[in-house]
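Here the structure is laid out as structure tokens; the discussion comes afterwards.
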Amino acid sequence: MQYQISGKQIDIGEALQVYVKEGLGTVVEKYAERPTDAHVIFSKNGSEFVCEAIVHLSTGLTAQASAHTHDIHAAFDQCAEKMEKQLRRYKRRLKDHHTARPDPVEVFGGASYILAAEEMGDSPEPEGMEPIIIAEMETRIPALSVGEAVMQMELAHAPVLVFRNEKSNGVNVVYRREDGNIGWIDPGNVA
């Protein structure tokens, strides 16, 4: 597994990096067979240290956890506990509802944009209908079944997930509706 351990405006020493690799490696290996990479970011918020971890698995799942406390090692430990709980739930759901995936999930690249929020208040009406792009990033679009997409969305506590449907090979969307149900958009399957 590849690790990227960094700090936002704080220095991350070699001892902490070794501690993170050993701790996160133990957690991930226990519940995931083929992890691909992990990103761990430490920052400081007031007097507390914040640890955010993101682990990408070959099954397409992106597990995320974060924690904050006054000690940097304790922040990582709490974050690792949350990651372990999330991966344990994921593995249980895979055993209960799905057969093991023989091949890793294929992932496609895509562009992701952040648009500026328009505050209409007292400002004059905008001249054009084009939004202002304030950030552009690359995003990962996994090839999954609909059931796997719903499971990944729920485990990541995300409101929406864009994925490539393995069955139709088209881009699909699953999302959480206001009534609590899951919505599924399949543009290629129009009746």
FRET efficiency for Gln4 and Trp184, using Cβ-Cβ distance with R0 set to 30 Å, rounded to 0.05: 0.35
Whole-Å semi-axes of region 2-97's equivalent ellipsoid (Cα gyration tensor): 25, 13, 10
Charge context of Gln78, other residues only, Cβ under 14 angstrom, K/R +1, D/E -1: -4
Unsatisfied cross-links (Cα-Cα over 25 Å) in the set Lys21/Lys91; Lys30/Lys167; Lys85/Lys167; Lys91/Lys167; Lys30/Lys82: Lys30/Lys167; Lys85/Lys167
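Every number in this text was worked out from the coordinates using simple rules, so none of it is lab data. As the structure is a prediction and not an experimental result, all values here were calculated from the model. Reconstructed Cβ throughout: ideal geometry from the backbone, glycine too, with neighbour counts over all protein chains shown.
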